[in-house]
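The values are calculated or read from the model by the stated rules, or taken from the named source; none is laboratory data. This one's a predicted model, so the numbers in the text were calculated from it and none came from an experiment. No Cβ is skipped: glycine too gets one built from the backbone with ideal geometry, and neighbour counts run over all protein chains shown.
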Amino acid sequence: MSEVNDTVAELKALVAELVARVQTLEEEAAARHPAVSDDVLLAISAACAAYLGKRATIKQVHLRRGGAWATQGLATVQQQHAQLHGFGERQAPLTQIPRRGTT
């Protein structure tokens, strides 16, 4: 009978330790990912409605940190600019074209 009591005491101690660890992790997660304010949700909803042309329901919003989206957007803009001006398609090297009145 004492073995059962010892096992139960060990399990209670393990559960208490796990509860403390879960609480610590939840606090860290709350600090890293703050709640999105109502003003931000309203702005996102208005932007979606303006883009889609009708009212949209927002189901989830994730707060992201970092500049990966900005880097990707910049690369897209640069690629479009290069395509617009024909960079990368030239077979011959660039030659200088004299300006009017300088020759």
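Observations, loosely collected:
- Count of residues meeting criterion [surrounded by fewer than 10 Cβ atoms within 10 Å (Cβ to Cβ) and of a type in the set (Gly, Ala, Ser)] in segment 51-66: 2
- Helices (runs of 4 or more DSSP H) contained entirely in the chain, each with at least 1 residues that are at pLDDT below 80: 2-32, 68-85
- Tally, over segment 31-49, of residues that are surrounded by 10 or more Cβ atoms within 10 Å (Cβ to Cβ) and over 17 Å from the mean Cα position of the chain (by Cα): 7
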